[in-house]
Amino acid sequence: MSWIDPDFPTTATPSDLVGRVLGLNPGMMTGPGTNTYLLGRTDPILIDTGIGVPDYVPLLERYMTERGWKRPSRVVLTHRHKDHLGGVEGLRSRFPGLKVGKRLHRDEGLPEDVHDIRDGEIIEGDGVTLVAVYTPGHASDHLCYYVPEEKALFTGDVVLSGSTSVIPAGDGDLVEYMNSLRRLQSLDVRRIYSAHGPVIEDGPARIAEYIEHRLLRERQILDVLGNGVDTIPAIVKIIYRDVPEKLHAMAGQSVESHLRKLEREARAEETLVKSAPSRWTLR
Ligand SMILES: [Zn+2]
């Protein structure tokens, strides 16, 4: 199955307490599109809003009508990336007064009237409880939501279904990301509902895989650095030789996130070079 699965259902009811409506924004970065989730028996809480595709709100309404629901009780966002909060405006014009929350942290250009959700905050729905878990790394403001009733974890972009998470240069941080994964590992989780792709039935196995994958990449990078390969493009060419070249820019971001981590741990060092990629060496 390809990451961008054209047959991925636009709506689904994976459990009594969880409904899923697709953001209708398929792409290289989003797979089949961003999942938005409705939680609860009535007056559901909506997690994330998609990117703001005009057909999303009618699709959401159709699904809610099927379930006998009138409107979401509130919106909680995983993080500030456009494909998660871009739908806020469209939802608010359809459902005036809709309450929207996220962890407020280093935000710029948020929609108006978005309230703060703290780490550990408990959000009560009808038959569901959401516990906000601060999980920076992919984005500095990222919250996952844990639902103890089902031991379900809504991971946003921290754990994905069918791809690895991107750690963007700037706002991303691999050290924090690894800490966030370990934090998620400490929760009693069964299913993971990620923001992209299908349900992950064995949540703990996937989190362990994610940690293992990053540790493997780190070992590979240390290896090639040890062999004197010293720029990001050259490292990507070796480590990602099996990956199509159009994905190499993204792979470069991943390598950079590893190098920044090694730099912070005083294990690697960057030397800036004028009008050329930096040179990286082991310390
Ligand atoms: Zn994101």
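The values are calculated or read from the model by the stated rules, or taken from the named source; none is laboratory data. In this text, all values refer to a predicted model and were calculated from it rather than measured experimentally. Don't worry about glycine lacking a Cβ; one is built from the backbone with ideal geometry, like all the others, and counts go over all protein chains shown. The accessibility values were calculated without ligands, DNA or RNA, using every heavy atom of the protein model including side chains. Shrake-Rupley method; radii C 1.70, N 1.55, O 1.52, S 1.80 Å.
What pairs can you find where one residue is in region 66-90 and acidic (Asp, Glu), the other is more than 16 Å from the ligand (Cβ to nearest atom), and their Cβ atoms are less than 7 Å apart, with a gap of 6+ or different chains?
The qualifying pairs are GLU89/PRO111.
Say we look at region 189-238 and pick out the residues that are in contact with a helix residue (DSSP H, G or I) (Cβ under 7 Å, 6 or more places away or on another chain) and of a type in the set (D, E, K, R); which of these is surrounded by the fewest Cβ atoms within 10 Å (Cβ to Cβ)?
ARG190
Sort out which residues of region 146-171 are closer than 28 Å to LYS261 by Cα, at pLDDT 95 or above and away from the ligand (no atom under 13 Å from the Cβ), and write them in order of number.
TYR146, LEU153, PHE154
Restricting to region 15-59, and then to whatever is farther than 17 Å from SER161 by Cα and of a type in the set (S, T, N, Q), can you tell me which residue is modelled with the lowest pLDDT?
Among them, the one singled out is THR42.
Is it true that some residue in region 42-51 is buried (at least 22 other Cβ atoms within 10 Å of the Cβ), away from the ligand (no atom under 16 Å from the Cβ) and closer than 18 Å to LEU110 by Cβ?
Yes: region 42-51 contains one or more residues that are buried (at least 22 other Cβ atoms within 10 Å of the Cβ), away from the ligand (no atom under 16 Å from the Cβ) and closer than 18 Å to LEU110 by Cβ.
(1) under 22 Å from HIS196 (Cα atoms); (2) open to solvent by less than 60 Å² (accessible area, probe 1.4 Å); (3) not in a loop (DSSP other than H, G, I, E, B): which one isn't true of ASN179, the others all being true?
It fails just one condition, (2).
Checking the conditions here, which among ASP126, ASP141 is charged (D, E, K, R), farther than 14 Å from TYR193 by Cβ, open to solvent by less than 10 Å² (accessible area, probe 1.4 Å) and in a loop (DSSP other than H, G, I, E, B)?
Sole residue among the options that is charged (D, E, K, R), farther than 14 Å from TYR193 by Cβ, open to solvent by less than 10 Å² (accessible area, probe 1.4 Å) and in a loop (DSSP other than H, G, I, E, B): ASP141.
Identify all residues within region 80-123 that are modelled with pLDDT of 95 or more, within 16 Å of the ligand (Cβ to nearest atom) and either exposed (fewer than 15 other Cβ atoms within 10 Å of the Cβ) or not in a loop (DSSP other than H, G, I, E, B) (or both); write none if there are none.
LYS82, ASP83, HIS84, LEU85, VAL88, LYS102
If you take the residues of region 54-73 that are within 24 Å of the chain's Cα centre (by Cα) and open to solvent by 40 Å² or more (accessible area, probe 1.4 Å), which of them is farthest from the ligand (Cβ to nearest atom)?
SER73
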